[in-house]
1. Using only protein heavy atoms and a 1.4 Å probe, report how much of A:Glu63 is accessible, in Å² to the nearest 10.
2. Sorted by accessible area (1.4 Å probe), largest first, how do A:Glu212, B:Glu211 line up?
3. Could you grab the relative contact order for the range B:39-130? Cα pairs under 8 Å, six or more apart, rounded to a whole percent.
4. What is the Cα coordinate range of the range A:64-169 on the first, second and third principal axes, sorted by size from largest, in whole angstrom?
5. Pick out which of B:His47, B:His161, B:His148 has the largest mean-square fluctuation in a Gaussian network model of chain B, springs linking Cα atoms closer than 10 Å.
6. Stretch B:Arg146-B:Asp233 to full length: gain in nm at 0.36 nm per residue minus the Cα-Cα span?
7. Taking R0 as 45 Å, what's the FRET efficiency between B:Thr291 and B:Arg186 from their Cβ-Cβ distance, rounded to 0.05?
8. Treating the beta-carbon of each Lys and Arg as +1 and of each Asp and Glu as -1, no other charges, what is the dipole magnitude of chain B about its Cα centre, to the nearest 20 debye?
Amino acid sequence: MKSPSDLDLSRRDLLVGTAASLAVTAPPSVANAQASADGSQAAAVEVPSISKVSFTVNGLAHELELDTRTTLLDALREHLHLTGSKKGCDQGQCGACTVIVEGRRISSCLTLAVMHEGRTITTIEGLGTPDNLHPMQAAFVEHDGYQCGYCTPGQICSAVAVLDEIKAGIPSHVTADLNTQLQVTTAELRERMSGNICRCGAYSNIVEAITEVAGRQG
Amino acid sequence: MKPFTYERAHSPAEAAAAAARTPGAKFVAGGTNLLDLMKLQIETPTHLIDVNGLALDQIKTTPEEGLRIGALVRNTDLAADPRVRRDYGLLSRALLAGASGQLRNQATTAGNLLQRTRCPYFYDTNQPCNKREPGSGCSAIGGFTRQHAVVGVSEACIATHPSDMAVALRALDATVETIRPDGTTRSIPIANFHRLPGDSPHIETVLERGELITAITLPKPLGGKQIYRKVRDRASYAFALVSVAAIVQRDGRGRVALGGVAHKPWRVEAAEAEMPRGAKAITAQLLAGATPTHDNAFKVPLVERTLGAVLTEAKG
């Protein structure tokens, strides 16, 4: 099996490739040259803009030069080859791209990489390893919290952050009283996890997995 | 996505000036709506001004005993603020009824106000839409309109404003604080901030070119029972078919604003005189002159019933 860094660009990858990969194959200077070679198309040629950004992912510092259009998700997957975070809908509706930035879960598809200068990012690869699973990963395995597994990295990143949100006292839509201590209930977990869609429908097992971890954390 | 240049702003005045002098510039904060629209090329800024570095992320008490909420306060933090939970429960509830945990962690107070409609014809770039392409026509009129507006509509547009937060702010009589490119500031009552579609539905607020929201201020707490009831197709993570924001005082007086029915948060102050007479009387005035379509005529009785449920809850 190839390691993620050896991934070859398939025809499909090229066709659906991100703006960022386009920047690699056609740097601005080339695009400019093409524009000036055919003046009639000059206005139609869109020149990518490149910007620098530095951030820390799973404990490692990175400095990247990216097409400004690169989402955080594409930076993680296509540039840092951290392919655990998944591209599901690419419009913030499915939660497969959920990562944790500065302790908060966000949709990495709806934010630009350049907007994360100096930030600390945790992806599924940073939570645990195959030999040393994060408790939430172990609980998902134990409770069968998935079938196909595509949404699972996002579910697990979200679940870890959800328990932190409850500990921090952040209320939810189903919290009965805004001014009392929060409880970890099935209703709370279901509401808080509603931004993570599982097309296989493993929801009840996902809730059981999170409930078990919450119970152990006390 | 179309290419764009990018800069990080260092002060509100600088950001506003940069936006005014750079053609095709837009501010970006949370980006949850803007990025989505840029991918679809519904928004095509050629320059983005990242305002996330501006120190506008605090919630402070005002001399008038209200709150000044920085434009960059994230929806999660605003909903969770102890003062908001205690004194402006309506606002916490509205925020928590919207979007998902991930999106509330990114989305900002100002950005929430400025989000665009989720009208499916606005999103479908193959269809005419006066909001997306002024003068091209409205595909919703005569189309599938279950989600659309029933009141304050025009022949050019029947889209709704999607925000829950804005509905609560309308009931609370919030004020939008801004800075203009020339450095002057102004305060815009929330009632005047969003526009009805008229014949220019692409102009959604009264903000001028380059004008930047710096804060939202809330007046002194109003007390009373504060209830936000959202009716939607899913129990979570869906836009409102209808929502009711109500503040009900012990004597039965109060305020009501609606979401999901108009191009802006919908409040008719005169209708509030009917509060002691109940939901039917209030709704008759709130939705007077409503022009629902075949698909969304259900919203009129749904408003009345939801308001009825809210008023009953307020008595409990």
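1. In the full protein context, A:Glu63 sits at about 130 Å².
2. Numbers: A:Glu212 50, B:Glu211 10 Å².
The most accessible residue leads, giving A:Glu212, B:Glu211.
3. 25 percent
4. 41, 33, 28
5. B:His47
6. 30.2 nm
7. The pair B:Thr291/B:Arg186 has a calculated efficiency of 0.85.
8. Using only the charged Cβ atoms, the result is roughly 780 debye.
The values are calculated or read from the model by the stated rules, or taken from the named source; none is laboratory data. Keep in mind that what you see is a predicted model, and the values were worked out from it rather than measured. With ideal geometry, Cβ positions are generated from the backbone for all residues, glycine too; neighbour counts draw on all protein chains shown. In case anyone asks, the SASA skips ligands and DNA or RNA and just uses the protein heavy atoms, side chains included. Shrake-Rupley method; radii C 1.70, N 1.55, O 1.52, S 1.80 Å.
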